[in-house]
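Here the structure comes first, spelled out in structure tokens, and everything after it is commentary.
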Amino acid sequence: MKLALNDSSLLQTQAFINGEWVDGSKGETFAVTNPATGELLANVASVGQAETAQAIDAAEVAMKSWKALPPAKRSEVLECWHGLIIDNIDDLAAIMTIEQGKPLFESKGEVMYGASYLKWFAEEGKRIYGDVLPSTADRRSIVIRQPVGVVAAITPWNFPNAMITRKAAPALAAGCAIVLKPAAETPLSALALAELAKRAGLPNGLFSVLPSADAPAVGGEMTANVKVKKLTFTGSTPVGKLLMKQCADTVKRTSMELGGNAPVIIFDDADIDEAIKGALISKYRNSGQTCICANRLLVQEGIYDAFVEKFAAAVKEFKLGYGFDGDTTHGPVITAKALTDIDTKVRNAVEQGANVVIGGKPSELGHGFYEPTILTNVNDTMSVFREEIFGPVAPVFKFATEEEAISMANDTEFGLAAYVYTQNIGRIWRVSEGIEYGMVGVNETAISSEVIPFGGVKESGQGREGSKYGLEDYLETKYICMGGL
Ligand code: ADP
């Protein structure tokens, strides 16, 4: 593979189990390719059920001494891991761009964002408090917080670094061990993180990485194994539902960060330039492959035409291209299948009467490149209204009243993120409270950071990642009654 790294040992192609780099027991591998060119990057070890069980056994053992450490000692390791990630940001970003396709500046942004979770939870882990409840003369009621146990994690390819640290940091800070299956499209970023965890002095077994071409085998063991007490998953809603069902047999706790169908509601009284700026970032960042990205632009009728015109003029300025080229603003989508799925949604909309304002087809660059697209004359029967597009396609819907906007926003099984642009303070509150979403951006679409509780309602999932709430997902509450005093 043609990738000049400052530190070539960050490029690992074996699984990382109990602190060792290992091949799969059957010697199988799978191909990782560059979505911008189709070239083969690496053949990565593919593990299955047996190695997953082995990693879980090691996690259970490792956790015993890890959870007994003073929180400040765990914090030191996480701080060190954070520092090593920052030191190696150029290499980590290059690995991400070559396997995921996003422009290098976005990859660097993600590495910083991913690292921020380690720093944050290194601090939060020192502040896990219990409680003393109202008591009587002869008894005291105490609540303590304990690590939930061995955690299994399954992560997607759209944020190959940050979706891992967002789970590993709170789990480790709480005193848990974590066993991770990264997406098969982007295992190299995960393995580079494992190499840095090892260098940071994270004890063996606390963070194992299980690349695999057989997700059901790894996921099956993770969900069936009684030693695993919690599953945390980021990915599609159908796979999330399947994993929840699998976890039911052993009554595991779950955190699910699933699909979204984010509306950006833009009222006549909005600052239109700010709304365009926000919608552009939210819709097209990572080529529309983020779970909180704008899926539906809902624009009030008074400014609809002006909005579309200005929005299209801004999209025309995009430079689609290879992530390593300095002037590239947007990269490819992840796979040929993803490209076909996006194109099918656009074709369906057009067949039902949608107008293509710009784009509307695969790019001449080939491979995963799809032209940034804007559709008008769209309605709620089209798949671009109902389904997560996960590509650079912006359908712009028209609405008349505030009630209609709220109703359109809520007319979906999803409830992850939503955005509202208006200058009216009363409307800000009415709409923010009236829409069924876990996160609401008001006059802002860049809403995510380590400080906030990221997560959704309805079929977008359960649990929160980041912030003080994010630690809760990795803690059990134990009540101790001291009687006979
Ligand atoms: P996407 O369609 O965006 O790839 P998925 O939900 O299919 O979303 O994938 C997210 C993660 O879930 C990936 O790591 C993938 O390998 C994993 N995955 C997919 N199917 C299963 C399954 N049946 N069991 C466990 N993990 C799975």
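The values are calculated or read from the model by the stated rules, or taken from the named source; none is laboratory data. The structure presented is a predicted model; accordingly, all values stated were derived computationally and were not measured. For neighbour counting, all protein chains shown are included, and Cβ atoms are generated from backbone atoms with ideal geometry for every residue, glycine included. All accessible areas refer to the heavy atoms of the entire protein, side chains included, with ligands and DNA or RNA removed. Shrake-Rupley method; radii C 1.70, N 1.55, O 1.52, S 1.80 Å.
The table that follows gives values for the structure above.
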item: Qualifying residue in the stretch 362-371 (condition: among the hydroxyl-bearing types (Ser, Thr, Tyr) and open to solvent by 50 Å² or more (accessible area, probe 1.4 Å)); result: no
item: Filter result for residue 245 (under 30 Å from residue 148 (Cβ atoms), open to solvent by 10 Å² or more (accessible area, probe 1.4 Å) and without any contact (Cβ under 8 Å) to a residue 60 or more places away in the chain); result: yes
item: Residue ranges of strands (runs of 3 or more DSSP E) in the stretch 411-485 with at least 3 members open to solvent by less than 60 Å² (accessible area, probe 1.4 Å); result: 417-421, 439-442
item: In the stretch 145-154, the residues that are near the ligand (Cβ under 10 Å from one of its atoms) and open to solvent by 10 Å² or more (accessible area, probe 1.4 Å); result: 154
item: Yes/no for residue 315 being open to solvent by less than 10 Å² (accessible area, probe 1.4 Å) and either at pLDDT 95 or above or among the basic types (Lys, Arg) (or both); result: yes
item: Index of the failed condition, residue 169 passing every other in (1) surrounded by 23 or more Cβ atoms within 10 Å (Cβ to Cβ); (2) within 12 Å of the ligand (Cβ to nearest atom); result: (2)
item: So residue 302, is it in contact (Cβ under 8 Å) with a residue 12 or more places away in the chain and over 12 Å from residue 391 (Cα atoms); result: yes
item: Residue satisfying condition, being surrounded by 18 or more Cβ atoms within 10 Å (Cβ to Cβ), on the phi < 0 side of the Ramachandran plot and either without any contact (Cβ under 8 Å) to a residue 24 or more places away in the chain or in a helix (DSSP H, G or I) (or both), within set 333, 357, 346; result: 346
item: Unique residue being among the hydroxyl-bearing types (Ser, Thr, Tyr) and open to solvent by less than 20 Å² (accessible area, probe 1.4 Å) when the list is 322, 284; result: 284
item: Filtered residues of the stretch 286-301 (kept if under 19 Å from residue 349 (Cβ atoms) and in a strand (DSSP E or B)); result: 294, 295, 296, 297, 298, 299
item: Unique residue being open to solvent by less than 10 Å² (accessible area, probe 1.4 Å), on the phi < 0 side of the Ramachandran plot and within 20 Å of the chain's Cα centre (by Cα) when the list is 117, 113; result: 117
item: Check on residue 392, within 16 Å of the ligand (Cβ to nearest atom) and touching a residue at least 40 places away in the same chain (Cβ under 8 Å); result: yes
item: Subset of the stretch 293-311 that is aliphatic (A, V, I, L, M) and open to solvent by 10 Å² or more (accessible area, probe 1.4 Å) - its residue that is nearest to residue 425 (Cα to Cα); result: 303
item: Test: residue in the stretch 13-23 that is aliphatic (A, V, I, L, M) and part of a loop (DSSP other than H, G, I, E, B); result: no
item: 1 or more residues more than 10 Å from the ligand (Cβ to nearest atom) and more than 20 Å from the chain's Cα centre (by Cα): qualifying strands (runs of 3 or more DSSP E) within the stretch 195-285; result: 228-234, 262-266
item: Residue that is nearest to residue 214 (Cα to Cα), among those in the stretch 172-193 that are assigned to a loop (DSSP other than H, G, I, E, B) and within 14 Å of the ligand (Cβ to nearest atom); result: 184
item: Residue count for the stretch 371-389, restricted to those that are within 16 Å of the ligand (Cβ to nearest atom) and within 22 Å of the chain's Cα centre (by Cα); result: 3
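Conditions (1) out of contact with any Ser or Thr (no Cβ under 9 Å at 6 or more places or on another chain); (2) among the hydrophobic types (A, V, I, L, M, F, W, C); (3) within 24 Å of residue 185 (Cα to Cα), marked per residue:
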{"residue": "43", "(1), (2), (3)": "no, no, yes"}
{"residue": "48", "(1), (2), (3)": "no, no, yes"}
{"residue": "65", "(1), (2), (3)": "yes, no, no"}
{"residue": "80", "(1), (2), (3)": "yes, yes, no"}
{"residue": "94", "(1), (2), (3)": "no, yes, yes"}
